[in-house]
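The values are calculated or read from the model by the stated rules, or taken from the named source; none is laboratory data. Computed from a predicted model, the values in this text were never measured in an experiment. Heads up, the Cβs are rebuilt from the backbone with ideal geometry, glycines too, and the neighbour counts pull from every protein chain shown. Heavy atoms of the whole protein, side chains included, go into the accessibility calculation; ligands, DNA and RNA do not. Shrake-Rupley method; radii C 1.70, N 1.55, O 1.52, S 1.80 Å.
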Amino acid sequence: MRAYELREHDPEFQGLEIVERERPEPGPDEVLVEIEAASLNYRDLAIAATEFGYPGEEYPMVPLCDGAGDVVEVGEDVERLEVGDPVVAPFFPDWVDGPATPEKTHTATGGNRPGTLAEYAVFPADATPRMPASLDYEEACTLTCAGLTAWTALEEHGDLTAGESVLCLGTGGVSTFALQFADATGATPIVTSSSDAKLELAETRGAEVTINYEETPEWDEAVLEATDGVGVDHVVEVGGAGTLERSLRAVRYNGEVHLIGVLSDPNSEIAPRAILENASSVRGVSVGSRAAFDRMARAIDANGIEPVVDRMFDFEDATAAYRYVWNGEHTGKVVIEV
């Protein structure tokens, strides 16, 4: 089968190479999936370009965690899925249900387990979710990481309800899904970006307030103004050290900051005073379980939510897709047709 292998870390993504690999075979309790489409996350870029990695990773490795396709073979003792079922790759193959634990989140697709940038992949049947019935492969393949992370933050942890407000930082995959879930729930989405064009697109997808953070560097003050000085109920925080202090000033008393990304200086220190002053909660979000994915899929089908696919690349152009996302040119998700 054709597959990409990541052979070394390289900021120009020259460590990616198309190769021929032996098609994997499903073992007991596993399914073989023919991958139709895969998509990119910043996590995948960090794995390819930097020393970011997972315990026990081995190179060369098949990258990417996002993927969707059909079950083409089942191993012994598989009852939940059958040949022909359209499915989505699990981010954590050992996390089926319940709260996260070190054991459930130790193994990650495209990190220390072969990923989805290949024609075929094997996953544990119990952890592999079915595709939402309303989506095609190119849309469904965006859900494994970004979609489920946004859902887990706002719905599983945050208990988001109508009438609340959600601050979405930027217009990448997680933030765009957060915008869509907030809009579908009846919450008020507020979106920041450095691009007026991206903010205009966000408005078409439900954003009620948009803030250009280059024109308004004190965007936390703009958030407070938009919420009558109260602050937002939820912040989907993807920036890390570069944005967290302002997020803590923008969230309301007893509000929640869902810490998802560390796009800038992951090892910097943050003063805790703002957390204490407004009794806010800061919680790290580790994608989610298959059971959480199933709940998200039902919500997607019920509300007609369509994942935002910015651009699609051919399999042979995967390296160009990496560079496109690395340069921040996208809104939503970037998909590779396998």
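Some observations on this one:
- Ordered by 1.4 Å accessible area with all protein chains kept, D183, D159 run largest first as D159, D183.
- Positive minus negative residues near H9 (Lys, Arg vs Asp, Glu; Cβ under 12 Å): -4
- Gyration tensor verdict on region 9-155 (Cα atoms; rounded if a/c is under 1.5, prolate if a/b is larger than b/c, oblate otherwise): rounded
- Per-residue [θ]222 nm for the chain (sum of -39500 (n - 2.57) over DSSP H runs n ≥ 4, rounded to 500): -6500 deg cm²/dmol
- The antiparallel fraction among DSSP beta bridges confined to region 1-137 stands at about 95%.
- For region 53-140, GluC sites (Glu not before Pro) meeting the loop criterion (DSSP other than H, G, I, E, B) and having at most 12 other Cβ atoms within 10 Å: E58, E76, E79, E82, E103.
- Vicinal HN-Hα couplings computed from phi for region 313-325 (Karplus, 6.51 cos²θ - 1.76 cosθ + 1.60; Hz; Gly/Pro x): 10, 5, 4, 5, 9, 4, 4, 5, 5, 4, 5, 4, 5
- The convex hull of the Cα atoms of region 156-237, projected and averaged over all directions, covers 4.9 nm².
- Cβ-based charge dipole, the chain, positive-most Cα from G173, A274, F293: A274
- Cα gyration tensor shape for region 202-338, rounded if a/c is under 1.5, else prolate or oblate: prolate
- Rounded tilt (10° steps) of 290-303 against the dominant C-alpha axis of the chain: 70
- All other residues whose Cβ lies under 13 angstrom from that of F293 are scored, Lys and Arg at +1 and Asp and Glu at -1, for a net of -3.
- Mean Cβ count within 10 Å, highest first, over the residues of peptides 304-316, 285-297: 285-297, 304-316
- Other residues within the sphere of radius under 11 Å centred on the Cβ of A202, judged by their own Cβ, net out at -3 (K and R +1, D and E -1).
- Protein-only accessible surface order, largest first, of T319, T204, T50 at 1.4 Å: T204, T50, T319
- Note on R295 and Y54: the model spin-label points, each 7 Å out from Cα along the C-beta direction, lie 2.3 nm apart.
- V191 accessible area, 1.4 Å probe, all protein chains in place, Å² to nearest 10: 0
- Within the assembled protein chains, the solvent-accessible surface assigned to R130 is about 100 Å², based on a 1.4 Å probe.
- Structure-derived P(r) over Cα pairs in 20 Å bins from 0, in percent: which label, when the choices are (1) 31, 56, 13, 0; (2) 33, 58, 10; (3) 28, 52, 17, 3: (2)
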